[in-house]
1. For residues that are touching a strand residue (DSSP E or B) at 6+ places or on another chain (Cβ under 8 Å) and either modelled with pLDDT under 95 or under 13 Å from ALA300 (Cβ atoms) (or both), scanning just region 335-359, find the one that is nearest to ligand 1 (Cβ to nearest atom).
2. Of all residues in region 41-65 being small (Gly, Ala, Ser) and assigned to a loop (DSSP other than H, G, I, E, B), which is surrounded by the most Cβ atoms within 10 Å (Cβ to Cβ)?
3. Grab the strands (runs of 3 or more DSSP E) fully contained in region 119-211, keeping just those with 2 or more residues being within 16 Å of ligand 1 (Cβ to nearest atom) and surrounded by 19 or more Cβ atoms within 10 Å (Cβ to Cβ).
4. Within region 320-334, which residues are near ligand 1 (Cβ under 10 Å from one of its atoms) and either at positive phi or under 13 Å from the mean Cα position of the chain (by Cα) (or both)?
5. When the residues of region 52-72 are filtered to those that are among the aliphatic types (A, V, I, L, M) and within 14 Å of ligand 1 (Cβ to nearest atom), which remaining residue is nearest to PHE374 (Cα to Cα)?
6. Confirm whether ALA149 is in contact (Cβ under 8 Å) with a residue 60 or more places away in the chain, under 25 Å from MET264 (Cβ atoms) and not acidic (Asp, Glu).
7. State which residue is farthest from ligand 1 (Cβ to nearest atom) when the search covers only region 283-314 and only residues that are small (Gly, Ala, Ser) and in contact with a helix residue (DSSP H, G or I) (Cβ under 7 Å, 6 or more places away or on another chain).
8. Which of the following residues is within 12 Å of LEU7 (Cα to Cα), out of contact with any Asp or Glu (no Cβ under 6 Å at 6 or more places or on another chain) and touching a residue at least 60 places away in the same chain (Cβ under 8 Å): ILE34, ILE59?
Amino acid sequence: MEKTFALKGNIIYSRTMKQFAVCENGWLVCEDGICRGVFPELPEKYRGIPVTDYGDRLIIPGLTDLHVHAPQYTFRSVGLDSELIEWLNAHAFPEESRFADPEYAEKAYRIFLDDLLKSTTTRVVTFGTLHAESTFRLMELLEETGIRAYVGKVNMDRNCPPTLCEESAERSAADTEAWIRRCLDRHFENVRPILTPRFIPSCSDKLMELLSILRKRYDLPVQSHLSENPLEIEWVKQLCPGTRFYGDAYDRFGLFGGDGPAIMAHCVHCPDGEIDLMKERGVFVAHCPQSNTALASGIAPVRRYLDRGLKIGLGSDVAGGFTLSMFRMIVDAIQCSKLLWRLDADSPAPLSFEETFFLATVGGGSFFGKAGSFEPGYEFDAVVLDDTSLAHPQPFTVKERLERLVYLSDDRNVAAKYIAGRKVL
Ligand code: GUN
Ligand code: FE
């Protein structure tokens, strides 16, 4: 029962997409890794459980990074004055080639995880590289941190440099199946495999066909990229004649939600038909506003997606994005939505702070089941924030204090972190 305890502090989380629930000097109860709720006084039945008093600090639910490239972390902030395809060829692909060496991978992944652990992120869905050994090592290292994660060995067998290209569709699928079996044999507590065709330009039809068999055989979720950049979209049209839109190229292989969950990163330039299909198939949109501005991809119409009832979370997309801070992603999502609204008179209202915080917690967390909230029954992911470094003479409400912490996006404010009831920081 070491995962049964209470935390005391100023508790704030999303009650709905439009409204925070705030409990000043409240009690947050965790029973066996599950949140039992927020209380102004500790209920009778929990008297006697261990209590950590965080005083005047804030306690919020953990955040989910729904789309990140772990191997790209250590070159973040380099070479962002280009668009997607040029950037992939000049920076992402050469760096990922280095992960053929598991020792290099171990070094780079440790740097990634040291920083991730100190952040507000409690759950991630990440790409590895095409290298099964290095990707498995990333999973072992993640398992130790306690961070909940889906990790993908990347599939790519065309249109990439010889140093980062699988030798055939068959070889790619065989390596992937061996990796999946190894993951299942290992019985990770915190980490799960996810099928990861990189994007349509780097996956042949044959490979997609073989991955669709693996998806069914092992009942795996899928992650990939969708409608990120205009040149990329044009390229997909040429590579896949007869498809109605980009998403169709995944859907014809059953890799676009429906039977199993799928995350599609970006969704910046989706035509109406694609949006309809995402809705029908329950596809998760990983909105990556920092990457979309850094690589000049565009601004995803998130408000439209919300109005359509799509599932949405936020992603850093490091190293298209240049920081792991999910607070910063909240800010970038809000800023992008404001610019879109101002530049296009027909576009709907920008995103509010409440809505965007919801996306970063409950929105992305729902890919993992019940995560990202302090409502009873959710997995107990909590982040304790210390804002004493942000001096101010005037009074602020708890919500205003949270807003400041989010806008200033400094991981040094993270004082403690719990994931599924385990203290990890
Ligand atoms: N599309 C295919 N690969 C990538 C990648 O590594 N990053 C981004 N942002 N888009 C991609
Ligand atoms: Fe990406």
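The values are calculated or read from the model by the stated rules, or taken from the named source; none is laboratory data. What you are looking at is a predicted structure, and each value in this text was computed from that prediction instead of being measured. Note that each Cβ is placed from the backbone with ideal geometry, even for glycine, and that neighbours are counted across all protein chains shown.
1. Among them, the one singled out is LEU359.
2. GLY62
3. 121-127, 148-152
4. GLY321 - this is the single residue of region 320-334 that is near ligand 1 (Cβ under 10 Å from one of its atoms) and either at positive phi or under 13 Å from the mean Cα position of the chain (by Cα) (or both).
5. Across region 52-72, the extreme among qualifying residues is LEU66.
6. no
7. It comes out as GLY309.
8. Of ILE34, ILE59, the one residue that is within 12 Å of LEU7 (Cα to Cα), out of contact with any Asp or Glu (no Cβ under 6 Å at 6 or more places or on another chain) and touching a residue at least 60 places away in the same chain (Cβ under 8 Å) is ILE59.
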